Amino acid sequence: MVYSVPQYLKRLTLANRSTMTIKLYESRLRHYADFLEVPVEDLHNHLTKENLIDYAEHIQKKASTTKQTTFSILLRFYKVNGIQAFDELETAILKPRNYDEPDDKPLTLEILQKMMELANPRERAIITMLISTGMRAGELCAIRLDDIDEDLVRIRPEVTHQRGRTVWLNAEAREALDLWLTLRDDYQAAIHNKYYTRTTGLADTRLFCSTYETTRENFL
């Protein structure tokens, strides 16, 4: 059986994959379709090894973790559609190892102050919310507008994959968030105009309008 992207995502839903997982799959498959300049609904008709190798070259400068996640998703989609016999060199290209050197430096007050000085309003809101609440970055990226109630932030169970929880914003984080919210509509419109084929567009309800991978790359 050949699966189109909508059919594949529906099967993932029936298989009880999380909402975040399905959105991630949809995002990566849609990006691949955009690269091939074909409708995402027709992507299953363009699953050649040559297209995938060309795409690998296109995203070669992305972070290793981003490439690993992307190719894992694409190779699964290829596999369910009966395409999986890649040779040794092709496999080396499509399953890159993570050779990024760790650079974990202590996050001192001086470093944080410098980050805040250089950050734009969106980045300052992200930094202060992470510090104030202790949320993981992936959780922060999944927070929706309706998860915020004054100084209270609800982290939904589907975000944590366990029990949900509630965290609170301090005064500095609330101030930075308020400023970001005055600019969010313009930011969202700019993103929509740049990536007008994406399904989220102006309907994106995420607080910061981006995935974990995109946010991570912004701070590298």
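Considering every residue within the range 96-117, establish whether at least one is of a type in the set (K, R), under 30 Å from E26 (Cβ atoms) and surrounded by 15 or more Cβ atoms within 10 Å (Cβ to Cβ).
Step one: filter the range 96-117 for residues of a type in the set (K, R), giving 97, 105, 114.
The next check asks that each one be under 30 Å from E26 (Cβ atoms); those that pass are 97.
The next check asks that each one be surrounded by 15 or more Cβ atoms within 10 Å (Cβ to Cβ); those that pass are none.
No.
Residue-wise test of (1) of a type in the set (V, I, T); (2) within 16 Å of F208 (Cα to Cα).
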site	(1), (2)
I126	yes, yes
M129	no, yes
A142	no, yes
D151	no, no
I155	yes, yes
E158	no, no
H161	no, no
Y187	no, yes
N193	no, no
Exercise for review: Only residues that are closer than 22 Å to Y3 by Cβ and hydroxyl-bearing (S, T, Y): list them for the range 51-81, please.
Suggested key: Y55, T69, T70, S72, Y78
Exercise for review: Taking the residues in the range 53-66 that are at pLDDT 85 or above and in a helix (DSSP H, G or I) as candidates, determine which candidate is surrounded by the fewest Cβ atoms within 10 Å (Cβ to Cβ).
Suggested key: E57
Exercise for review: Spot the failing condition for G82; the list is (1) free of Cβ contacts under 8 Å to residues at least 40 places away in the same chain; (2) assigned to a loop (DSSP other than H, G, I, E, B); (3) not aliphatic (A, V, I, L, M), and only one is missed.
Suggested key: (1)
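Applying the selection to the range 136-150, what residues are surrounded by 14 or more Cβ atoms within 10 Å (Cβ to Cβ) and either modelled with pLDDT under 90 or within 16 Å of T21 (Cβ to Cβ) (or both)? First the steps, then the outcome.
Going residue by residue through the range 136-150, those that are surrounded by 14 or more Cβ atoms within 10 Å (Cβ to Cβ) are 136, 138-143, 147-148.
Within the range 136-150, R136, G138, E139, C141, A142 meet the criteria.
Please verify whether the range 28-35 includes one or more residues that are among the acidic types (D, E), surrounded by fewer than 17 Cβ atoms within 10 Å (Cβ to Cβ) and part of a helix (DSSP H, G or I).
If we filter the range 28-35 for residues that are among the acidic types (D, E), which is where we start, we get 34.
From what's left, surrounded by fewer than 17 Cβ atoms within 10 Å (Cβ to Cβ): 34.
Those still in the list that are part of a helix (DSSP H, G or I) too: 34.
So far as the range 28-35 goes, yes, one or more of its residues are among the acidic types (D, E), surrounded by fewer than 17 Cβ atoms within 10 Å (Cβ to Cβ) and part of a helix (DSSP H, G or I).
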Point to revise | Qualifying positions in the range 14-27 - at pLDDT below 90 and surrounded by 12 or more Cβ atoms within 10 Å (Cβ to Cβ) | key: R17, S18, T19, M20, T21, I22, K23, L24
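Go through the range 158-174 and count every residue that is outside any strand (DSSP E or B), surrounded by 12 or more Cβ atoms within 10 Å (Cβ to Cβ) and free of Cβ contacts under 8 Å to residues at least 12 places away in the same chain.
We begin by selecting, within the range 158-174, every residue outside any strand (DSSP E or B); these are 158-164, 169-174.
Then keep just the ones that are surrounded by 12 or more Cβ atoms within 10 Å (Cβ to Cβ); that gives 158-160, 164, 169-170, 172-174.
So of that shortlist, the ones also free of Cβ contacts under 8 Å to residues at least 12 places away in the same chain come out as 164.
Result for the range 158-174: 1.
The values are calculated or read from the model by the stated rules, or taken from the named source; none is laboratory data. In this text, all values refer to a predicted model and were calculated from it rather than measured experimentally. Every residue, glycine among them, receives a Cβ derived from its backbone with ideal geometry; neighbour counts consider all protein chains shown.
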